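Notes to accompany the following structure.
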Amino acid sequence: MGKKYMGMMPKKPGAGTKVPTTPKFKSNISRLADNVFTFGTVQDAANYDDTKNHIVRYIATQDFSGAAVAAQVVATLVDPSSSQPDSPVEEHMVTQDDGSEKSTPKSAHKLAVELEIWKADYNDWNRNKKTWTENKSKVYHLILCQCPPELLEHLKSMELWDKTSSELNVVNLLHMIRAVCLKHDETKQGIMSAVNSDIRFYTFRQGKDMSCDEYLKLFRAQVDTINAHGGRAGFHWGTYRAKVAEILARDTKQDTPVDRELMDKIEKDASDLACTEYLACMFIRAADQSRYGGLKTALDNQFLLSDMDQYPKTLSGALKFLKNYKVPVRYQPKAQEDLAEKAGLAFLQATGNAAAKATGDADDVACFGCGKRHRLKDCPTLSKAEKNKAWEAHNKQVAAAAAKSKSGVANINVDKEKAGGDEAAGAATPSPEDRANFDAFMQAWGVNMFNVAPTPSDKATTVTTKVSFAEV
C-alpha cells in the first residue's frame, strides 16, 4: 500500500533538484545596472553613498540643458527653489557697550555693493530654479529605477511618500531612501527614533577587517542620518562656546561692538568648527584598537607631555592619520630558523619598556640616541650621521651580548656513550649553533635559559642579520 502512493509524494530539494533563487536586481539603465540602493544589512549605508555618487556622475555627463544643476541637487540634497537669496536691508543691528542692540543705517556705498551682489545671485537662482523645474521629473524617475521592488514597497509605506511623489521631490526621496538604508524607523516616537540614531552613532566601531575608506563611509552615513532628521552630530555646548570665544578674540577688536549679522556668522562658524573637530576625534577614538591603539596613545601622550595639540581637525585629516600610521607588528612565537635569521630585529624590539612588550606596540621603544620614547629613525634631535653612529654602537653591543651568551652553551654537551633519556629514545639533539642563537635571543629578553657560566671553549657561531635603523 505504501509503495503504491510513494510516487505521488512531493520530492524534497536535494541532489539533482534545482532550488529556485531570486535573481539579483539590476537597473534598466545600462550604465547604472549594478549601482542600485539596498537595505537590510550593515553595508547599506556605504552602498547608499556609492550609488548616489554614481547617479551624480551619470547625470553630470548627460547632454540635456541643466544637467549640471540636476547633478548638484542630487549631490548636495539642496533644492534650488529653497535657496532664494535675501535682498539686502538698509539697516543693521549694532551691539552697544551696555549690551543692548541698536538699529543703525548702512553706508550708501556698502548698501550699493550688497545690492549688486544680490542681483547677480538672484539671476543665478532664478535660472537654476527654471532648469530644475524642467528636469526634476526625469531625475526623480531615474532614482526610482535604482530602487529594488522591496525598497519601493517600503518607501510607499512611509508618511512622506504621497507628498513626495505628487511633488516629484527628489531631495525628499533621497532622504527617505537614506533613512531606510540607515534603519531610521519613523514608526517609533520622534524622540526615541532620535535616541536610537544617537546610540548607533556612539556605539559604532571600526571592525578588525574593515578598511579605513569603508570605515569613513559608514561613519559619515551615521552622521548624515542624525543631521538629516533634525539633529547635529558632534555638537557639544562646551566646545561650541570655546570656539565662539576663540573666533571673537581672533577676528574682533576688544571693546568694539559686534553687530548681530557678524555675530550670527561667528556663531555658525563656531558651531561648524566645533562639530568638525569633535567628529574627527570621534573617528580616531572609534578606530580599531588592535591596529591603531598605538596612535591613540601617542596622540594622548604628546598632548600630555608637550602640551601640543596634534589631534586631527577634520575627518579627512583623521583618515590621513589612520592611513599613514604604521601598524605595529605583533610578535608571535616563530620557528627556530626564523629566530636565527631575524635575531637582530628581535633584539631591537626587546629594548622597549614593559608596556610596549605587553601590548606589542613597536612604536613605544627607547631611542638608542636620546633615550626618549620613539624610534631612532624618527629622532628629532639627532642628525643622519649621528643616527648611523648610534645604530653602529648598538649593533656592537648586541653582537657582544650574543657572543658572551653563546659561550655558556658548551657546558650542556654530553658524550653519546653517556646519553640517555630523550636521546636514547631517538630525540634529535640541537646543534651548538642552534642553542647559541636561541640562548642569545632569550637573554636579550632577560632570560638565562641554561643558567651556566660562560666558557671560552665553545666554537659555535651565531647567525645575525644586520638591520638598518630605518626599519626600527
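Bear in mind that the values in this text are calculations on the coordinates, not laboratory data. Computed from a predicted model, the values in this text were never measured in an experiment. Virtual Cβ from ideal backbone geometry, glycine too; neighbours counted across all protein chains shown.
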Set the Förster distance to 35 Å, then compute FRET efficiency between residue 34 and residue 138 from the Cβ-Cβ distance, nearest 0.05.
0.95
How much net charge surrounds residue 215 when only the other residues with a Cβ under 14 Å from the Cβ of residue 215 are counted, with Lys and Arg +1 and Asp and Glu -1?
+3
Residue among 275, 262, 247 farthest towards the positive dipole end of the stretch 238-314, charges placed on Cβ
275
Between residue 327 and residue 265, what is 0.36 nm times their sequence separation minus the Cα-Cα distance? Round to one decimal in nm.
18.2 nm
Counting only residues 5 or more apart in sequence or on a different chain, those whose built amide H sits under 5 Å from that of residue 101 are 96
Can you pull the one-decimal nm distance between simple spin-label points at residue 50 and residue 81, each 7 Å off the Cα toward Cβ?
3.4
Using a ≥ b ≥ c from the Cα gyration tensor of the stretch 103-214 (square roots of the eigenvalues), is it rounded, prolate or oblate, where a/c under 1.5 gives rounded and otherwise the larger of a/b and b/c decides, a/b for prolate?
prolate
Classify the stretch 168-298: rounded, prolate or oblate, from the alpha-carbon gyration tensor (a ≥ b ≥ c, eigenvalue square roots; a/c under 1.5 rounded; otherwise prolate if a/b is larger than b/c)?
oblate
Charge dipole of the stretch 126-283 built from unit charges on the beta carbon (Lys, Arg +1; Asp, Glu -1), centred at mean Cα; most positive-end Cα among 181, 203, 169 is 169
A chain fully extended from residue 193 to residue 254 at 0.36 nm per residue, minus the present Cα-Cα distance, gains in nm 17.5 nm
Average projection area in nm² (convex hull over Cα atoms of the stretch 29-89, one quarter of hull surface):
6.3
In sequence order, calculated HN-Hα J values of the stretch 133-142 (Karplus, 6.51, -1.76, 1.60; Hz; x Gly/Pro):
4, 6, 10, 5, 5, 5, 5, 4, 6, 4
In this structure, the FRET efficiency calculated for residue 107 and residue 163 from their beta-carbon separation, with R0 = 41 Å, to the nearest 0.05, is 0.35
May I ask you to derive the FRET efficiency for residue 241 and residue 90 from their Cβ-Cβ distance with R0 = 22 Å, giving the value to the nearest 0.05?
0.10
So who's got an amide H within less than 5 Å of the one on residue 92, skipping anything under 5 residues away but keeping other chains? H placed 1.01 Å off N, in plane.
104, 106
May I ask you to evaluate 6.51 cos²θ - 1.76 cosθ + 1.60, the Karplus curve with θ = phi - 60°, for each residue of the stretch 379-393 and list the ³J(HN,Hα) values in order in whole Hz, giving x for glycine and proline?
5, x, 9, 9, 7, 4, 5, 5, 5, 4, 5, 5, 5, 5, 4
Kindly write out, for the stretch 278-285 in residue order, the coupling ³J(HN,Hα) from the Karplus curve 6.51 cos²θ - 1.76 cosθ + 1.60 (θ = phi - 60°), rounded to whole Hz, with x marking Gly and Pro.
4, 5, 5, 5, 4, 5, 5, 5
Multiply the residue gap between residue 313 and residue 281 by 0.36 nm, knock off their C-alpha separation, and tell me the result in nm, one decimal place.
10.8 nm
